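Heads up, the thing below is written out as structure tokens.
The values are calculated or read from the model by the stated rules, or taken from the named source; none is laboratory data. Since the model is a prediction, treat every value here as computed from it, not as a measurement. Cβ placement follows ideal geometry from the backbone for every residue including glycine, while neighbour counts extend to all protein chains displayed. The area values use the complete protein model at the heavy-atom level, side chains included, leaving out ligands, DNA and RNA. Shrake-Rupley method; radii C 1.70, N 1.55, O 1.52, S 1.80 Å.
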Amino acid sequence: MEFSSRVRQKHARLAGDRREQYPHSLQFYLEPPTESISLVEFESFAIDRLKLLKVIENLGVSYVRSTDSYKTKLENELRKLKFPYRALAEDDYEARRKDHISHFILRLAYCQSEDLRRWFLQQEMDLFRYRFNELTESLMQKFLEYVNLSFEAIGEDLKNELANELCASTPGFSLLKVKEQMFYKVGLADAVDLFRARRVFIKDGFAYVPFKEIDVIVLNNYRTKLSKALALTARSLPSIQSDERLQPLLSHLSHSYVGPDYSVQKNTGKISLEQIDALSVKSFPLCMRQLHRALRDSHHLRHGGRMQYGLFLKGIGLTLEQALEFWKKEFIRGKVDADKFDKGYAYSIRHNYGKEGKRTDYTPYSCMKIIMSNPPSQGDYHGCPFRHSDPELLKQKLQSYKIPPSGINQILELVKGMHYQLACQKYFELTHDVDDIGFSLNHPNQYFTESQKLLSGGRELKKEINNSGNFQQKNSQENINSSSTPTSSNATADTELEGLEAYFTED
Ligand code: SF4
């Protein structure tokens, strides 16, 4: 894939029509794209796929995958983001192309660590499973032939001969159903999952797999191919990391947040410092509640905590003057005197508000940024408690917040499956006494806003935060258009924050 930053038109396609590359709506993504694409298209495709995979993660936890609700919601999302959603559609070339290219971009971004690879693999597998099962029988056959996975269906004679064994070894099958269904003779290596789960009849080194289970074989095959490909892609990281156009984009994507930006200051000055203690209990996500408690208890937070919490407070509406007063009052109750605060700590607070240094108006951290970067060490309180706390400590914390035992178990299960944001959603549901959170959580400030909406009976207590657009994406596109070395806005902001960290490292 080649990239061009000389973009004249939004989403302009640089290459010609390559329809013949995509004979099926479904792919194993064996060949990377070879066409030139603009950086704008590169980023917009990647962000859309990321949105899609996030929805898939969410649906996978909230619904049984084979249910109509799961399928309908996923189909809606595919339609909305313009990815292929109907296997039969002949005229979805653009969607197939986007599907192909976006998969490979995220593959680059998500090969960078074991955690990222595992997450990406899981969501891509779920997407593939849904699409494969939506194919008609004949399209399935065609697709399997195309990817060299066609299996031999056994003849009626052999099926009648083995009918009793097939019936006994295939759960949920009666003799009648055996008669009706097609069975395939598959090499044992391809049917390991079914064999392990004792769901197939085995004879002479072959598994006899009913048609309805063929997806397990195909998925197994896809998983093997994709995990190998991710490992191979990871090996080529050094060359990617040396590309100054790509590296910031890819690193931004793997920490990416795809929702609204919460730095917009429409709600500035709408809360008072006296409200913060109560709000921290009612409306702060666990990460911020933990930081607030630590600040009140020790009258100090180390650098990572001040950045994470300070920007969050800015996002919920604290003015610069309020922030200075808030932090100063707390710090001088500890070991920092007023003079030291004014000379050192006040600078970084003004910096966060864009009043010092490069005068960048910094955005509050998204969940992905908190989860994926700068893990807390001893004495730190920043990070995401669902990701960074020991499960036993997390359990104790949840118990102390009066979360019922069944809820704690659900949260710990989600944490075990590495669904940290979903664990946080569950925490929201339990602390707000709602059955369904009704939104996909991606940002601590989103948590706060939604909590306030709910507690005020649908109307926000505070003036509305501007949720209208994807500021981060928009801004990064502007950067791309205006610069010969394009980076996303957040990547730029991240670099600047890192600069700030180096400048101001006092703990
Ligand atoms: Fe905070 Fe996000 Fe973690 Fe929730 S999931 S605790 S909002 S970082």
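Quick look at the values:
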{"read-out": "Residue count for region 354-400, restricted to those that are within 16 Å of the ligand (Cβ to nearest atom) and in contact (Cβ under 8 Å) with a residue 40 or more places away in the chain", "value": "21"}
{"read-out": "Residue within region 354-367 that is open to solvent by 20 Å² or more (accessible area, probe 1.4 Å) and within 18 Å of the chain's Cα centre (by Cα) present", "value": "yes"}
{"read-out": "Positions within region 145-181 being aliphatic (A, V, I, L, M), under 45 Å from the mean Cα position of the chain (by Cα) and closer than 19 Å to residue 206 by Cα, in sequence order", "value": "149, 153, 154, 166, 168, 178"}
{"read-out": "Residues satisfying the stated conditions in region 61-110, i.e. crowded, with 20+ Cβ neighbours inside 10 Å, at pLDDT below 90 and more than 22 Å from residue 40 (Cα to Cα)", "value": "85"}
{"read-out": "Number of the exception - residue 443 against (1) within 19 Å of residue 311 (Cα to Cα); (2) near the ligand (Cβ under 9 Å from one of its atoms); (3) open to solvent by 50 Å² or more (accessible area, probe 1.4 Å)", "value": "(3)"}
{"read-out": "Strands (runs of 3 or more DSSP E) contained entirely in region 182-223, each with at least 1 residues that are within 20 Å of residue 143 (Cβ to Cβ) and in contact with a helix residue (DSSP H, G or I) (Cβ under 8 Å, 6 or more places away or on another chain)", "value": "183-187, 206-210"}
{"read-out": "Filtered residues of region 286-303 (kept if open to solvent by 10 Å² or more (accessible area, probe 1.4 Å) and either in a loop (DSSP other than H, G, I, E, B) or more than 16 Å from the ligand (Cβ to nearest atom) (or both))", "value": "296, 297, 298, 299, 300, 302, 303"}
{"read-out": "Search result, residues across region 335-350 that are more than 15 Å from residue 307 (Cβ to Cβ) and open to solvent by 30 Å² or more (accessible area, probe 1.4 Å)", "value": "335, 337, 338, 339, 340, 342, 343"}
{"read-out": "Any hit, region 421-428, residues being away from the ligand (no atom under 14 Å from the Cβ) and either buried (at least 20 other Cβ atoms within 10 Å of the Cβ) or at pLDDT below 95 (or both)", "value": "no"}
{"read-out": "Qualifying positions in region 196-213 - at positive phi and in contact with a Ser or Thr (Cβ under 9 Å, 6 or more places away or on another chain)", "value": "198"}
{"read-out": "Sole residue being within 16 Å of the ligand (Cβ to nearest atom) and under 35 Å from the mean Cα position of the chain (by Cα), chosen from 324, 311", "value": "311"}
{"read-out": "One residue from 166, 176 being loosely packed, with under 12 Cβ neighbours inside 10 Å, at pLDDT 85 or above, hydrophobic (A, V, I, L, M, F, W, C) and not in a loop (DSSP other than H, G, I, E, B)", "value": "176"}
{"read-out": "Single condition residue 436 does not satisfy, out of (1) modelled with pLDDT of 95 or more; (2) more than 12 Å from the ligand (Cβ to nearest atom)", "value": "(1)"}
